[in-house]
Each structure stands twice: as structure tokens, then as C-alpha cells.
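Here the structure comes first, spelled out in C-alpha cells, and everything after it is commentary.
Coordinate-derived values only; no laboratory data. Owing to the predicted nature of the structure, the values given are computational and were not obtained by experimental measurement. No Cβ is skipped: glycine too gets one built from the backbone with ideal geometry, and neighbour counts run over all protein chains shown.
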Amino acid sequence: MTQKLDMITGEPIVLPSDSRGSDTISDVLERPLWQVRLQLAWRSLRGNLALFAESPIGMVGLAIIIIFALMALSWPILINTVWSHTIYDPVIGYDISIVDHPSAPSAAHLLGTDVLGRDILAQLLSSTGSEFFLGMTAALVTVTVATTIGAVSAYYGGILDTVLMRIADIIIMTPFITLLIVLSVLFNVQLIHLGILLGILSGFGGTAVILKSQALSIKVRTYIEAARVAGGGDFHIIFYHIVPNLIPLATLYLMFAVSNAIFAEAVLSFFGLLNIRMSWGIMIYTSQNAGYLLDFERWWLIFPSSVSITLLSAAFFLVGRALDGVVNPKLRRR
């Protein structure tokens, strides 16, 4: 039972509530709309997190991502408090106490040094933050572009839909890596440029087609027609009713976009086509230029960076597969 003050007499009145102490209908109606929406969103989030936690591959992927996130966070702490910039700077660092480089792993250099005398672990940690930045930039641009294109194309249809989908078909048929190599040769491509470019290409490509198909099923629902009858304009219907319902599916492709971005950066850096300070791809490129690409005796030159690329890309893919089970009821076990 809950008590409230009567508006006329000022005396307390008792309102019924269920045995679990949940709010009554009167309580809900008296709340601001934003508070009700926030509570519903939080309840939905908790349910989705519970479904995600049931997926072993999702939890493994999430654990790997957390480990790499801790690596990225540890880099500025180590370089500013523990390590010397002269020795452990990932680009210009050099340990003069070691005569021959590359040197094997030791107490001073846990993953050894490269052919230029730079610490492999320092390069690995400093590059992790860049990989996360690139992946998140590409993913956010992909989701923004794809949801907008998909919703607009599904809502208006006609010539606009035809034009947007033909652009998507052209982008789907275009080999990404080849296009990126050509653009990197012609222009001074930095990390932020690569992230935006990958996001636009992915957003206008297959992701937009998939989200458009989902938007078509949302467009015909009764609450869309009710919003139109109530006087809602096109902008309001698209961005307040259709796009929010595309977000769960878009989140799935956000994870896949991160994996694609990490892989694309590694390929372009391996060919020496990106203007960035240090990355996992540049670490492999440096070893390959010195002739150590297939030298398994000096495993520390190749394995740390290549394994990191594989693990982080796979981790986001695994999380994406787990999210697929959350947003697609047909894939759930329950």
C-alpha cells in the first residue's frame, strides 16, 4: 500500500499496489514522459544484457575486448610514470645498453626490441588505443549513415529509394581494399580519415540494404500510421519512430564494422600507405622490410602484433554474433 495527500483535504489517502511493491497506474500516469521512457529503456537493457550473458562466445569476446581496453589505458600511465621516453617511445625510442637489435625478450624488454631497437611491448600498447579509436570512428559513422539511408529509403520509396539502393549496389560490388589502396596512394590518409571513409563505405553498402529491409517492416506498423494521423511530419516519423527501432540491429553491424576497420588498417599499414605514428600493421611492415616476416626464430617481431589484430577483430565479431541472438528472437534458446 502507498500513501499520498488528498489535493482538497490535505489528508493522506491510501492507494493500492501489488504485493511486490510496484508502482500503481496512478503513479505511472503522474510521472513525466521522459522518466517513463527511461525506466522502460532501462528494463529493456537489463533484459538484453541477461540474454547476452547467456552466450559463451559473447562473454569470451567481451573479456578479450576488456583486456585490450586495459592495455590501451595502461600505455599513458606507463610512459608517464614508469618508462623513459628515450628508451620506450614507440617511434624514436632506443636502448643503447643493447648492442645487437632485434634483441630477444628480457627483463627490460618483455617482448624484445625490433630491428630499430624500439621496445615491442611499448609499440603494442601505444597502438591499442589507436585501433580502438579507428574502430569506434568507423562503427559510429557506419551506423549513422546506414540507419539514416535505410530509414529514408524505406519511408519515401520511389526514385529516391532506387537511387540510394543503386549506389549501395555499386559500393557492394567495389572491392574495399583495392579502393582504399588507391585512395591512400593519391591522398595523405590519416587514422581519422580512414575511419570516416570506412564508415561511409560500409554505411552506404550492405548495412544500409539490411537496415532498409528492417525499416520496411517497421513502416507498415500501426503506430507509424497513428503518428502520421496525429500530425507527425516526415522528419518526426523517421527519426523518432523508425530510426530508434533500427538501433538494436544497427548495434550488431557496429561490431562487425570495428573488425573490418582493424583489418583494413593492418593491410594498409603493411603496405606503408597510412600517415600514422605507430600501429600493429606498421610493426609487421617494419619486420617485413627488414626480412624477418617468416623468421620464426625471432617470433617477437611478428607474433605480438599479428595475434593482437586477430584476437581483437575476432572479439568484436564474437560479440556481434552474440548480439545477433539478442536482437533476433529466432536465434534464442529460450
Would you kindly derive the ³J(HN,Hα) couplings of segment 271-276 from the backbone phi angles with the Karplus curve 6.51 cos²θ - 1.76 cosθ + 1.60 (θ = phi - 60°), listing them in order in whole Hz, with x for Gly and Pro?
8, x, 9, 10, 9, 10
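Treating only the Cβ of Lys, Arg, Asp and Glu as charged (+1, +1, -1, -1), what charge dipole size does segment 55-331 show about its Cα centre? Round to the nearest 20 debye. It would help to have the intermediate numbers written out before the result.
Details: 10 positive and 14 negative charges, 186 e Å.
For this selection, approximately 900 debye.
Helix by helix, which DSSP H runs in the chain go 27 Å or more along their axis at the Cα atoms and have an average Kyte-Doolittle hydropathy of -0.5 or more?
Details: long enough: 33-53 (30 Å, 0.39); 56-81 (37 Å, 2.04); 120-156 (53 Å, 1.21); 243-270 (39 Å, 1.52); 303-327 (35 Å, 1.44).
TM-like helix candidates: 33-53, 56-81, 120-156, 243-270, 303-327.
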Of the candidates Leu70, Leu140, Leu274, which one comes out as most mobile in a Gaussian network treatment of the chain with C-alpha springs shorter than 10 Å?
Leu70
For the chain, with a Gaussian network of springs between Cα atoms less than 10 Å apart, report the residue from Arg31, Arg166, Arg298 with the top mean-square fluctuation.
Arg31
If each DSSP helix of 4+ residues adds -39,500 (n - 2.57) and the sum is divided by the residues in the chain, what number results at 222 nm, nearest 500 deg cm²/dmol?
-22000 deg cm²/dmol
Between Val307, Val209, Val258, find the one with the highest GNM mean-square fluctuation for the chain; connect C-alpha pairs within less than 10 Å.
Val307
